[in-house]
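These notes concern the structure reproduced below.
The values are calculated or read from the model by the stated rules, or taken from the named source; none is laboratory data. This structure is a prediction, so every number in the text was calculated from the model and none was measured. Positions of Cβ are backbone-derived with ideal geometry, glycine not excepted, and every protein chain shown enters the neighbour counts. Heavy atoms of the whole protein, side chains included, go into the accessibility calculation; ligands, DNA and RNA do not. Shrake-Rupley method; radii C 1.70, N 1.55, O 1.52, S 1.80 Å.
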Amino acid sequence: MATTIRMPQMGFDMQEGTVVKWRKKEGDQVARGEVIAEIETDKAVVEMEAYAGGVLKKIVAPEGSKVPVESPIAIIGEDGEELPVDATTNAATPATPSAKAAPTAKVKPEPQPAPAAAQEAPAAPAGEVKVSPLARRIAKEMGVDVSKVKGTGPGGRVTEADVRGYKEPAPAAAPAPAAAKAPSPAAPATKAAAPKPALPTEEKRVPLSRMRQAIAARTVASMREAPHYYVTSELDMGKALDLRKELNSSLPEGTRVSVNDMIIRACVLAIQKFPNFNSSIQGNELVIHPNVNVGIAIDMEGGLIIAAVSQCQSKDLVGLAKATKDLITRAQGGKLKAEEYTSSTFTVSNMGMLDVDSFTAVINPPNSAVMAVGAVKDKPVVKNGEIGVGKMMKVTVSSDHRVIDGAEAARFLQEVKRLLEHPVLLLI
């Protein structure tokens, strides 16, 4: 029986997505879980996996279409199966479809011409280069300045094909050598380029990018709906740093443990004692999740994303370190899976590498809490009645008071502190 593939919701507040590329064409065999398309959200291009196997009978939403969440984008059925008429006519309801999305339309090979939907997409705001995250990543890898590339996508968006097909203009012919020309006797030395001022000389208005609009909407919704409060604790990370050093001396490159990995591991263990930190409110119910999927705040070009490492409760410290490195690498390369954008159940945001002492973080909906981590710094501490130097670090947990009371947040921090100050417990 035919299965209608619909635009997935790849984010808490995602309303629509753009079909950037089909990895399969009509008539191809598709296995369940196989990547069939690339979908652009407000923040990134995400690979979409098929949730049914069979034959890709019909592509309803062509490349370039902007489609509301839950709207049909394709149909997968059995080989030789005839689709009902309404399945091939009524299913296609993309928001900005190509003007002639004929049922027999085939996937266009790359490089692709400008889709017909280009005229329907909004034009890029003045001063902003409209470019898909995938194209931006490829441009970065190829060393191409996207501001010089002519976009052929909807609304003039620079696409992957535009970047790959871009050729630097030939340099102007070099002037003939001035062999007979006498050297300029009083030529002043070339002035060093003046640094570009950070502030404009007059008021400048910059339209918000799609990523910035998404961040704004999400954080406003979080602060409006979740009554935040904050609890801070200071930890001595001396033993944790010693253990990390010893571990990393025996681990190969690429598997070494970071301070953040140790903090995540401590949070995962603490959550197993305080499951409310791994829950969400849905209507009038509190949903306590069975898997601890830790979201990591990742600073990206143009904004912030939170991507999740799934099932952290089943990973040891080294396994967790491998998973976080892989996640961050793929996030920066625009290769995250859809569920990695949406599955976080608890979030860790670390600004210690930026020399921040402490800060408070906004809860990532629909999570119930987020841990904000500051830098490890040498500070005078009193130990056994004597003043010594401690490797101190502040952590602040932001909690949703609808779910977690203050005393519970304090006990959660006590457990995180106990684990990190006795780091051998992180290895158990």
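List of remarks:
- Pair list, Cβ < 9 Å and 6+ apart or interchain, from segment 291-308 residues that are under 16 Å from ASN278 (Cα atoms) to residues that are open to solvent by 10 Å² or more (accessible area, probe 1.4 Å) and of a type in the set (Lys, Arg): ALA307/ARG330
- Inside segment 249-294, residues that are assigned to a loop (DSSP other than H, G, I, E, B), over 22 Å from LEU419 (Cα atoms) and under 24 Å from the mean Cα position of the chain (by Cα) make up a count of 2.
- In segment 227-264, residue nearest to VAL294 (Cα to Cα) [restricted to those that are of a type in the set (Val, Ile, Thr) and touching a strand residue (DSSP E or B) at 6+ places or on another chain (Cβ under 7 Å)]: ILE264
- Test: residue in segment 406-417 that is open to solvent by 40 Å² or more (accessible area, probe 1.4 Å), farther than 25 Å from LEU317 by Cβ and either touching a Gly at 6+ places or on another chain (Cβ under 9 Å) or free of Cβ contacts under 8 Å to residues at least 24 places away in the same chain (or both): yes
- Every listed requirement among (1) open to solvent by 20 Å² or more (accessible area, probe 1.4 Å); (2) in contact (Cβ under 8 Å) with a residue 40 or more places away in the chain; (3) in a strand (DSSP E or B) is met by LYS379 save one, (2).
- Residue within segment 263-272 that is open to solvent by less than 70 Å² (accessible area, probe 1.4 Å), in contact with an Asp or Glu (Cβ under 7 Å, 6 or more places away or on another chain), modelled with pLDDT of 95 or more and closer than 21 Å to VAL362 by Cα present: yes
- Criterion: assigned to a loop (DSSP other than H, G, I, E, B) and modelled with pLDDT of 95 or more - qualifying residue of VAL356, VAL348, VAL397, VAL370: VAL356
Rundown of residues vs (1) in contact with a Leu (Cβ under 7 Å, 6 or more places away or on another chain); (2) of a type outside the set (S, T, N, Q); (3) not in a helix (DSSP H, G or I), yes/no style:
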site: ILE296; (1), (2), (3): yes, yes, yes
site: ALA307; (1), (2), (3): yes, yes, yes
site: GLN313; (1), (2), (3): no, no, no
site: ALA321; (1), (2), (3): no, yes, no
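- Within the span defined as segment 334-343, every residue fails to be touching a helix residue (DSSP H, G or I) at 6+ places or on another chain (Cβ under 7 Å) and either without any contact (Cβ under 8 Å) to a residue 24 or more places away in the chain or closer than 26 Å to PRO227 by Cβ (or both).
- Of the residues making up segment 33-65, just one is under 20 Å from the mean Cα position of the chain (by Cα) and among the basic types (Lys, Arg), namely LYS43.
- Residue tally, condition small (Gly, Ala, Ser) and either closer than 27 Å to PHE277 by Cα or modelled with pLDDT of 95 or more (or both), over segment 190-242: 9
- So VAL257, is it open to solvent by less than 20 Å² (accessible area, probe 1.4 Å) and under 19 Å from GLY352 (Cβ atoms): yes
- Within segment 331-366, being open to solvent by 10 Å² or more (accessible area, probe 1.4 Å) and in contact with an Asp or Glu (Cβ under 8 Å, 6 or more places away or on another chain) holds for LYS335, LYS337, ALA338, PRO365.
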